[in-house]
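What follows is one structure encoded as structure tokens, with my remarks underneath.
The values are calculated or read from the model by the stated rules, or taken from the named source; none is laboratory data. Source: prediction; values computed, not measured. Here Cβ is always computed from backbone atoms with ideal geometry, including for glycine, and neighbour counts include all displayed protein chains.
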Amino acid sequence: MIICGVELTGSDAVVCLLNLDRGQFSLPECKVRKLSLNKNHTREDLKQFQTAFAALMADHEVNSIAIKERMPKGKFAGGAISFKLEAAIQLIDDIGLEVRLLSPALIKSTLSGHPLPIAFADTGLKAFQETAFTAAYVAHRAS
């Protein structure tokens, strides 16, 4: 089962694919590390982002998407554009993906009970993908 972990920051969706097969985790090869929304944020730009995201998920046979939830207000509030990206991802309906939002509390409690089996530095992923990787891992553990 392949899960795509997603962290939404600004106008970017940082992604990390994680596969769980017979109890073993692996990182499927994926050249795309993040997808960006064009600067204008028009309806067409959102549709292009959504189409590109859906194509990436279909190309890698992703079963589920796990997005790290952002707070709507407060010190760690997400920006308006990131909520547009979240909606665009949640509204992908052609390929039958399950989209889940993972709260920071769920992530923290899952990691306390099931720590990462490998140090992030040993994964070979880029540093900016760590949150997306963690979201994918937690989604596998929480399902």
Lone qualifier among L125, L97 - being among the aliphatic types (A, V, I, L, M) and at pLDDT 90 or above: L125
Among the numbered conditions (1) surrounded by fewer than 17 Cβ atoms within 10 Å (Cβ to Cβ); (2) β-branched (V, I, T); (3) outside any helix (DSSP H, G or I), tell me where V6 comes up short. (1)
Matching residues in region 39-65 - criterion: being surrounded by fewer than 17 Cβ atoms within 10 Å (Cβ to Cβ), outside any helix (DSSP H, G or I) and either β-branched (V, I, T) or free of Cβ contacts under 8 Å to residues at least 24 places away in the same chain (or both): N40, T42
Condition first: surrounded by 13 or more Cβ atoms within 10 Å (Cβ to Cβ) and farther than 17 Å from T131 by Cα. Can you find one or more residues in region 97-115 that meet it? yes
Taking region 121-130 and keeping residues surrounded by 12 or more Cβ atoms within 10 Å (Cβ to Cβ) and either more than 26 Å from L35 (Cβ to Cβ) or over 16 Å from the mean Cα position of the chain (by Cα) (or both) leaves T123
